[in-house]
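Trainee: Before I ask anything, let me first share the structure, which is written out below as structure tokens.
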Ligand code: PYC
């Protein structure tokens, strides 16, 4: 395994030794991993080896041999579609292992193919899956928080994007922001507010002004499905934001949008229009933080992770 962080958000890549998942598309392999080998996810990212904030990535052989590989992302509670910070971490990991040259490559993910451009050993641009807004200005009525207006958009994961929330988007307020966004997510779920095919809206994203002197256009706070917040500006969340900005005519295609995270890290983003689709490009830096081997001691009751049903 190789560990890295992208704008503060960690990624743990399993580069070898994963289970046999056949030669189907990444969405099919994700289903096999989830149904038959979930112990790998819990061993890798749950305590005691991991933590709630860690995103895992299983590197797979590609379907198309012209591509650099395929990847399945997962976290403390399950599997995620695309992952922007994780793809940047994966590219930097492959470069660290001398398995990726500078330049543009193609990578297979469960929601579709993405491009990965390695600029140097730390800097990467991800050309994400097509992103779009599904619903504009949905008014969520809640007993606890009153009315919360937000857009529902896809950026490789499903997001509820809120600009008017009255919250202070500062790192020292992350506990309150986590509670606030968890409440929004609970309400969306219990009120049956979903994506077009019934998908759970499992990422909640708040926006506010960027910090002084950061040079960014906006700051965000993103609650992830496992109940913790993204330390990076969230690649898929930034993609969903770009889709909304482009559809509102507030950002021109090709123009740079600098998205700051709650920790102060920044992704540089722009979107191009291809065949009427919005294709976000997200650029950020990742850094290697460690390299290790998973070790399973048969006498260790937590070798598959705390909470795992496998023993
Ligand atoms: O960067 O897309 C992202 C992401 C999703 C969940 C955590 N990070």
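Trainee: I'm trying to understand the selection: among the residues of region 96-117, which are outside any loop (DSSP other than H, G, I, E, B) and surrounded by 21 or more Cβ atoms within 10 Å (Cβ to Cβ)?
Mentor: 107, 108, 109, 114, 116, listed by residue number.
Trainee: Looking at region 133-167 only, could you name the residues that are assigned to a loop (DSSP other than H, G, I, E, B), surrounded by fewer than 14 Cβ atoms within 10 Å (Cβ to Cβ) and in contact with a strand residue (DSSP E or B) (Cβ under 8 Å, 6 or more places away or on another chain)?
Mentor: Hit for region 133-167 is 164, nothing else.
Trainee: Taking interchain pairs and intrachain pairs at least six residues apart, which have beta carbon atoms under 6 angstrom, with the first residue in region 153-165 and under 26 Å from residue 108 (Cα atoms) and within 13 Å of the ligand (Cβ to nearest atom) and the second modelled with pLDDT under 95 and not in a strand (DSSP E or B)?
Mentor: That search, which allows pairs on different chains as well, returns 156/81; 157/81.
Trainee: Of everything in region 15-56, what is modelled with pLDDT of 95 or more, in contact with a strand residue (DSSP E or B) (Cβ under 6 Å, 6 or more places away or on another chain) and surrounded by fewer than 20 Cβ atoms within 10 Å (Cβ to Cβ)? Give them in sequence order.
Mentor: Residues satisfying the conditions are 15, 34.
Trainee: Further question: One residue is enough: does region 191-201 have a residue meeting the conditions within 16 Å of the ligand (Cβ to nearest atom) and either in contact with a helix residue (DSSP H, G or I) (Cβ under 8 Å, 6 or more places away or on another chain) or at pLDDT below 95 (or both)?
Mentor: Yes, region 191-201 has at least one match.
The values are calculated or read from the model by the stated rules, or taken from the named source; none is laboratory data. Note that the structure is a prediction, hence the values are computed from the model and not measured. Methodologically, a virtual Cβ is constructed for each residue, glycine included, from the backbone with ideal geometry; neighbour enumeration extends over all protein chains shown.
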